[in-house]
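The values are calculated or read from the model by the stated rules, or taken from the named source; none is laboratory data. The structure displayed is predicted, hence computed values, not measured ones. Cβ placement follows ideal geometry from the backbone for every residue including glycine, while neighbour counts extend to all protein chains displayed.
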Amino acid sequence: MKFRLELGIQHALVIAAACALAVSAAAQTWPARPVRIIVPFPPGGGVDFMGRILAQKFTEQIGGSFVVDNRPGAAGMLGAELVARAAPDGYTLLTSAPEFSINPSVRSKLPYDPFKDFAFISQLTSGQFMLASHPSVTIKTVKQLIALAKARPGHLNYGHSGMGGINHLAGEMFQTMAGIRWVHVPFKGAGPSIIGLMGGEIDFVFASNTGLIEPAKAGKVRPIAVTGTKRFMEIPDVPTIAESGIPGYNVTGWYGFYAPAGTSADIVRRLHAEAGRALNSPDVKEKLVKTDNEPVVSSPEEFTAFMRAEIGKWAKVAKESNVRID
């Protein structure tokens, strides 16, 4: 009996060693075929921009072929689910945005677990958004906006890129922290919301600095404040929301990089190193600065902690604002 048990243990150890060698060999030969970087949003947006930067730089740095595969739908959930269900072999990766941390709080049926089904590689960038108004709106500061909204509750409105997205929750967070009541108007994307603002369909909008900077310079919209912790260097006279009326307000946009859970630690380490190399290259830094994004190369552990904090923040906002999408 003891002899059989020892044989069984030896057999199991041999199998485990063989599996480890196979995984190590696979990591050493990776990538042996094209690698897909899933972008769970349409072409032309910020996440797509980030995904294509990675695909180009990885192809240059690593060799082989890295290609972007756009799989939009359900605020990034469809593409994320595809990656969560993919083989953990390093050939299907995900680049996503803050919606990854918002969806768990606003959707009752999430088809994946954000922590159990993904290997976190790195946060990639940190940016912010802008609160802007149509020029016909008389207010010019956050304090004036709050005063007007309190005097006429439910009269003012703001547009955003879609239900449950970062721009929507930025407006709901503003409402809760300012103690006002205003109306949100969803559009099918950030671009249409900015067009709606310029056309006078809405009073305010929360959208990316990238999309609003040129209309602001042309006088087609009025920048009121930015949502992060520091001013945007392209428009240094525009204050942050925190410094101009709502202390503690902070909404940042960011991009993150993931693989399916179970992906080889060697491949995850390689991807992390190559992402850092790409983000710190002069040409990428220049592209990111122009879109008000700062490179952020965090360890998988740091990125995981950041994600937990973001999910907690948005869960609080969603609960206080009663935002649910089912």
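Go through LEU131, LEU94 for me and flag whichever is buried (at least 23 other Cβ atoms within 10 Å of the Cβ) and within 17 Å of ALA261 (Cβ to Cβ).
Working: LEU131 fails: within 17 Å of ALA261 (Cβ to Cβ).
After ruling out the rest, the residue left standing is LEU94.
Here MET173 clears all of (1) of a type outside the set (Ser, Thr, Tyr); (2) within 20 Å of ILE325 (Cα to Cα); (3) surrounded by fewer than 19 Cβ atoms within 10 Å (Cβ to Cβ) except the condition numbered (3). Of all residues in the range 117-149, those satisfying the criterion of being among the charged types (D, E, K, R) and at pLDDT 95 or above are ASP117, LYS143.
Please work out if ALA55 is part of a helix (DSSP H, G or I) and modelled with pLDDT under 95. Break it down stepwise before answering.
Details: part of a helix (DSSP H, G or I): yes; modelled with pLDDT under 95: no.
No, not satisfied.
Yes or no, residue by residue, for (1) at pLDDT 95 or above; (2) in contact with a helix residue (DSSP H, G or I) (Cβ under 6 Å, 6 or more places away or on another chain); (3) on the phi < 0 side of the Ramachandran plot:
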{"site": "PRO43", "(1), (2), (3)": "no, no, yes"}
{"site": "PHE49", "(1), (2), (3)": "no, no, yes"}
{"site": "GLY63", "(1), (2), (3)": "no, no, no"}
{"site": "ALA75", "(1), (2), (3)": "no, yes, no"}
{"site": "GLU81", "(1), (2), (3)": "yes, no, yes"}
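Looking at this structure, is ARG36 modelled with pLDDT under 95 and surrounded by 17 or more Cβ atoms within 10 Å (Cβ to Cβ)? When the stated conditions are applied, ARG36 does not pass them. When the range 151-166 is filtered for residues that are surrounded by 18 or more Cβ atoms within 10 Å (Cβ to Cβ), of a type outside the set (Gly, Ala, Ser) and in a loop (DSSP other than H, G, I, E, B), only LEU156 remains. Counted as qualifying within the range 261-326 are no helices (runs of 4 or more DSSP H), as none has 2 or more residues that are touching an Asp or Glu at 6+ places or on another chain (Cβ under 6 Å) and assigned by TED's automatic domain parsing to the domain that holds ILE213. Considering (1) surrounded by 17 or more Cβ atoms within 10 Å (Cβ to Cβ); (2) part of a loop (DSSP other than H, G, I, E, B); (3) touching a residue at least 60 places away in the same chain (Cβ under 8 Å); (4) of a type outside the set (D, E, K, R), the lone condition that PRO42 does not fulfil carries the number (1).
Within the range 243-260, the set of residues being buried (at least 18 other Cβ atoms within 10 Å of the Cβ), part of a loop (DSSP other than H, G, I, E, B) and touching a Ser or Thr at 6+ places or on another chain (Cβ under 8 Å) comprises GLY245, TYR249, VAL251. Suppose the filter is within 27 Å of THR291 (Cα to Cα) and either more than 14 Å from the chain's Cα centre (by Cα) or not aliphatic (A, V, I, L, M) (or both); does GLY76 pass it? Yes.
Yes or no, residue by residue, for (1) of a type in the set (S, T, N, Q); (2) over 30 Å from THR263 (Cα atoms); (3) outside any helix (DSSP H, G or I):
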| site | (1), (2), (3) |
| --- | --- |
| ILE102 | no, no, no |
| SER105 | yes, no, no |
| PRO114 | no, no, yes |
| SER122 | yes, no, yes |
| SER126 | yes, no, yes |
| THR138 | yes, yes, yes |
| ILE146 | no, yes, no |
| ALA149 | no, yes, no |
| HIS168 | no, yes, no |
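Tell me, yes or no, whether the range 195-204 has at least one residue that is without any contact (Cβ under 8 Å) to a residue 40 or more places away in the chain, surrounded by fewer than 19 Cβ atoms within 10 Å (Cβ to Cβ), outside any strand (DSSP E or B) and in contact with a Phe, Trp or Tyr (Cβ under 7 Å, 6 or more places away or on another chain). Break it down stepwise before answering.
Taking the range 195-204 first, the residues without any contact (Cβ under 8 Å) to a residue 40 or more places away in the chain are 195-196, 199.
Now drop any that are not surrounded by fewer than 19 Cβ atoms within 10 Å (Cβ to Cβ), which leaves 195-196, 199.
With the extra rule that they be outside any strand (DSSP E or B), the set shrinks to 195-196, 199.
Okay, now just the ones that are also in contact with a Phe, Trp or Tyr (Cβ under 7 Å, 6 or more places away or on another chain), so 196.
Within the range 195-204, one or more residues are without any contact (Cβ under 8 Å) to a residue 40 or more places away in the chain, surrounded by fewer than 19 Cβ atoms within 10 Å (Cβ to Cβ), outside any strand (DSSP E or B) and in contact with a Phe, Trp or Tyr (Cβ under 7 Å, 6 or more places away or on another chain).
Residue by residue through the range 95-124, note down the ones that are of a type in the set (Val, Ile, Thr) and either in contact with a Pro (Cβ under 6 Å, 6 or more places away or on another chain) or within 21 Å of ILE267 (Cβ to Cβ) (or both).
Taking the range 95-124 first, the residues of a type in the set (Val, Ile, Thr) are 95, 102, 106, 121.
Passing the criteria: THR95, ILE121.
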